[in-house]
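Enquirer: Here's a structure for you.
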Amino acid sequence: MKVSYGAKTMALPTPTWLVGTYDADGKPNLMTAAWGGICCSKPPCLSVSLRAATYSHGSIMARRAFTVSIPSESLAAKADFCGLVSGRDTDKFATLGWTAVKSELTDAPYVAECPLVIECKVVHVAELGLHTMFVGEILDVKVEEAAMKDGKPDPTVIKPVIYAPEDRRYFGLGPSLGQGFSIGKEFK
């Protein structure tokens, strides 16, 4: 039996993403975001939804660009910090000792210390209520060479941080459950 939990933001898991932007003065900034995901295969796109009150929202609107840096488990506390303070008041890169790398493809910085980075240009903006959804066309995905296995990003090395919004806890990735488009063949 299932219990009705109501209309909530309960897709599990949600990502822990660091959205990178430049402010009006060209200062690099980050914010932690959980409302996001891949939204199109061709062209490759992802979406991230931010409240208009965030400092990053205005930067994305002005520059039509953002990056997503995906922190590893060892960076979870620093990623959380980026959601606790505003870039209006705090230089998050300096405070955390992180390196802001200027994307060569879009007008936004990314975190050098994160093992996986996605560079995006904004192609759609949708007002949804409390949040604005920014759809970014993925211009490039950069992966640390040490996090590659057989020419592909290895999630067991990247160790992305995932988030459970209802109880506000971070988790790591578990073991592989099997090969996609394969383990279900036994039911064919």
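Enquirer: Using beta carbons and a limit of 6 Å, which pairs, at least six apart or on different chains, have the first residue in region 70-81 and of a type in the set (Val, Ile, Thr) and the second one at pLDDT 95 or above?
Expert: Ile70/Cys114; Ile70/Leu116; Ile70/Pro160
Enquirer: Continuing with the same structure: If Lys8 meets every condition in (1) modelled with pLDDT of 95 or more; (2) over 19 Å from Lys142 (Cα atoms); (3) of a type in the set (Lys, Arg) apart from one, which number is that one?
Expert: (1)
Enquirer: Still on this model: For region 1-79, which fully contained strands (runs of 3 or more DSSP E) count at least 2 residues that are hydrophobic (A, V, I, L, M, F, W, C), surrounded by 16 or more Cβ atoms within 10 Å (Cβ to Cβ) and out of contact with any Ser or Thr (no Cβ under 7 Å at 6 or more places or on another chain)? First the steps, then the outcome.
Expert: Values: elements: 17-22, 28-33, 36-40, 45-51, 65-70.
Answer list for region 1-79: 28-33, 45-51, 65-70.
Enquirer: Follow-up question, since we're still on this one. Return yes or no: is Phe93 without any contact (Cβ under 8 Å) to a residue 60 or more places away in the chain, part of a helix (DSSP H, G or I) and of a type in the set (Phe, Trp, Tyr)? First the steps, then the outcome.
Expert: On the way: without any contact (Cβ under 8 Å) to a residue 60 or more places away in the chain: no; part of a helix (DSSP H, G or I): yes; of a type in the set (Phe, Trp, Tyr): yes.
Against the criterion (without any contact (Cβ under 8 Å) to a residue 60 or more places away in the chain, part of a helix (DSSP H, G or I) and of a type in the set (Phe, Trp, Tyr)), Phe93 does not qualify.
Enquirer: While we're looking at this one, here's another question. Only one of (1) free of Cβ contacts under 8 Å to residues at least 40 places away in the same chain; (2) open to solvent by 50 Å² or more (accessible area, probe 1.4 Å); (3) not in a strand (DSSP E or B) is not met by Gly184, so which one is it?
Expert: Unmet for Gly184, out of (1) free of Cβ contacts under 8 Å to residues at least 40 places away in the same chain; (2) open to solvent by 50 Å² or more (accessible area, probe 1.4 Å); (3) not in a strand (DSSP E or B): (2).
Enquirer: Looking at Ile60, Ile38, which one is touching a residue at least 12 places away in the same chain (Cβ under 8 Å) and more than 19 Å from Gly172 (Cβ to Cβ)?
Expert: Ile60
Enquirer: Condition first: farther than 27 Å from Ser103 by Cα and within 15 Å of the chain's Cα centre (by Cα). Now tell me which residues in region 132-170 satisfy that. Spell out the reasoning first.
Expert: Our first condition is that a residue be farther than 27 Å from Ser103 by Cα; within region 132-170, this holds for 164-170.
Correct list: Ala164, Pro165, Tyr170.
Enquirer: When you go through Lys142, Lys149 one by one, which is the residue that is in contact with a helix residue (DSSP H, G or I) (Cβ under 8 Å, 6 or more places away or on another chain) and farther than 21 Å from Lys27 by Cβ? Working first, answer last.
Expert: Numbers: Lys142 fails: in contact with a helix residue (DSSP H, G or I) (Cβ under 8 Å, 6 or more places away or on another chain).
From the options Lys142, Lys149, the qualifying one is Lys149.
Enquirer: Any idea which of (1) under 12 Å from the mean Cα position of the chain (by Cα); (2) of a type in the set (S, T, N, Q); (3) within 15 Å of Tyr163 (Cα to Cα) is the one Ser74 doesn't satisfy?
Expert: Ser74 satisfies every listed condition except (1).
Enquirer: Could you list all residues from region 80-90 that are assigned to a helix (DSSP H, G or I) and either open to solvent by 30 Å² or more (accessible area, probe 1.4 Å) or within 14 Å of Gly136 (Cβ to Cβ) (or both)?
Expert: Here is the first cut: in region 80-90, the ones assigned to a helix (DSSP H, G or I) are 80-84.
Asp80, Phe81, Gly83, Leu84, listed by residue number.
Enquirer: Can you tell me which residue in region 99-149 is nearest to Tyr55 (Cα to Cα), limited to those that are of a type in the set (Lys, Arg) and buried (at least 16 other Cβ atoms within 10 Å of the Cβ)?
Expert: Step one: list which residues in region 99-149 are of a type in the set (Lys, Arg), which gives 102, 121, 142, 149.
Narrowing the set further to residues that are buried (at least 16 other Cβ atoms within 10 Å of the Cβ) leaves 121, 142.
Working: Lys121: 18, Lys142: 25 Å.
The extreme case among them is Lys121.
Enquirer: Here is a further query. Scan region 140-156 and give yes if some residue there is touching a residue at least 40 places away in the same chain (Cβ under 8 Å) and part of a strand (DSSP E or B), otherwise no. Can you show your working first?
Expert: Of all residues in region 140-156, those touching a residue at least 40 places away in the same chain (Cβ under 8 Å) come to none.
No - not one qualifying residue is present in region 140-156.
The values are calculated or read from the model by the stated rules, or taken from the named source; none is laboratory data. Keep in mind that this is a model prediction, so the values were computed, not measured. For neighbour counting, all protein chains shown are included, and Cβ atoms are generated from backbone atoms with ideal geometry for every residue, glycine included. For the accessible areas, the whole protein counts, side chains as well, though only heavy atoms, and no ligand, DNA or RNA atoms are used. Shrake-Rupley method; radii C 1.70, N 1.55, O 1.52, S 1.80 Å.
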